[in-house]
Amino acid sequence: QMNFRQAIPEDIPQIQIVRNSVKENQLSKPNLIPDDLVEEFITKRGKGFVCEIDDKIVGFSIVNFVENNVWALFLLPDFEGKRIGKKLHQLMLDEYFSKTKETIWLSTEANSRAEIFYKKQGWKNAGFHGNEVKFEMSFEDWKS
C-alpha cells in the first residue's frame with residue numbers, strides 16, 4: 001500500500017536515508033545537506049512530498065518556491081520503476097504551479113537515469129548549470 005503525503009519535519013531522518021542511498025547524483029559528503037536545511041526547504045522555502053510503504057519512506061520530492069526550482073526528487077533504488085517518482089513529480093509540480101506561473105528549473109547529472117526521466121516528463125533542455133544538465137518546464141508545457 002503506497003501512501004503519498006506532504007513531508008513534515010519528523011520525516012527528515014528517513015528523507016536523509018533515501019537521499020544517501022542513491023547510486024547517481026551522490027553527495028561527496030553525506031552531511032553536505034544538514035537536517036535544518038531540509039527542514040527550511042519543506043517548511044519555509046518550499047514544500048516536500050513523500051511516498052510511504054509500510055510506514056517507511058521510499059521516495060521524496062521537494063520543490064523550492066524561492067528559487068523556482070526542483071530541489072530534490074529521490075527514490076530508494078529498490079523502488080524505482082513503480083511509478084512512485086512520476087507521482088512525486090506530479091504532486092510537486094501541481095503544488096508549484098498552483099502558486100506561480102513562473103518557469104521552473106532543475107539540474108541533474110548528465111547521462112543519468114534522472115536525465116531520461118525528466119525528458120520523459122516533458123522537461124526542456126536548457127543548457128548547463130555548472131557541470132550538470134539544466135532543464136526547464138514552463139506553465140504552458142506543464143498544462144499540456
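Matching residues to (1) at pLDDT 95 or above; (2) polar (S, T, N, Q); (3) open to solvent by 20 Å² or more (accessible area, probe 1.4 Å); (4) assigned to a helix (DSSP H, G or I):
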residue	(1), (2), (3), (4)
ASP11	yes, no, no, yes
GLN16	no, yes, yes, yes
SER28	no, yes, yes, no
GLU40	yes, no, yes, yes
THR43	yes, yes, yes, yes
VAL50	yes, no, no, no
GLY59	yes, no, no, no
ILE62	yes, no, no, no
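Taken together, the residues in the stretch 57-71 that are touching a Gly at 6+ places or on another chain (Cβ under 8 Å) and of a type in the set (A, V, I, L, M) amount to 3.
The condition of being open to solvent by 80 Å² or more (accessible area, probe 1.4 Å), in contact with a strand residue (DSSP E or B) (Cβ under 8 Å, 6 or more places away or on another chain), free of Cβ contacts under 8 Å to residues at least 60 places away in the same chain and not in a helix (DSSP H, G or I) holds for VAL66. If the condition is being open to solvent by less than 50 Å² (accessible area, probe 1.4 Å) and over 17 Å from the mean Cα position of the chain (by Cα), then the stretch 90-137 contributes THR100, ALA126, GLY127.
Among the residues of the stretch 107-135, those identified as in contact with a Leu (Cβ under 8 Å, 6 or more places away or on another chain) and in a strand (DSSP E or B) are LYS134, PHE135.
Taking the conditions exactly as written (free of Cβ contacts under 8 Å to residues at least 60 places away in the same chain and open to solvent by less than 80 Å² (accessible area, probe 1.4 Å)), does GLY81 satisfy them or not?
Considered against the rule, which asks whether it is free of Cβ contacts under 8 Å to residues at least 60 places away in the same chain and open to solvent by less than 80 Å² (accessible area, probe 1.4 Å), GLY81 comes out as no.
The values are calculated or read from the model by the stated rules, or taken from the named source; none is laboratory data. These figures come from a predicted structure and were not determined experimentally. Here the Cβ is made from the backbone with ideal geometry for all residues, glycine too, and neighbour counts use every protein chain on show. Surface areas here come from the heavy atoms of the whole protein model, side chains and all, with no ligands, DNA or RNA. Shrake-Rupley method; radii C 1.70, N 1.55, O 1.52, S 1.80 Å.
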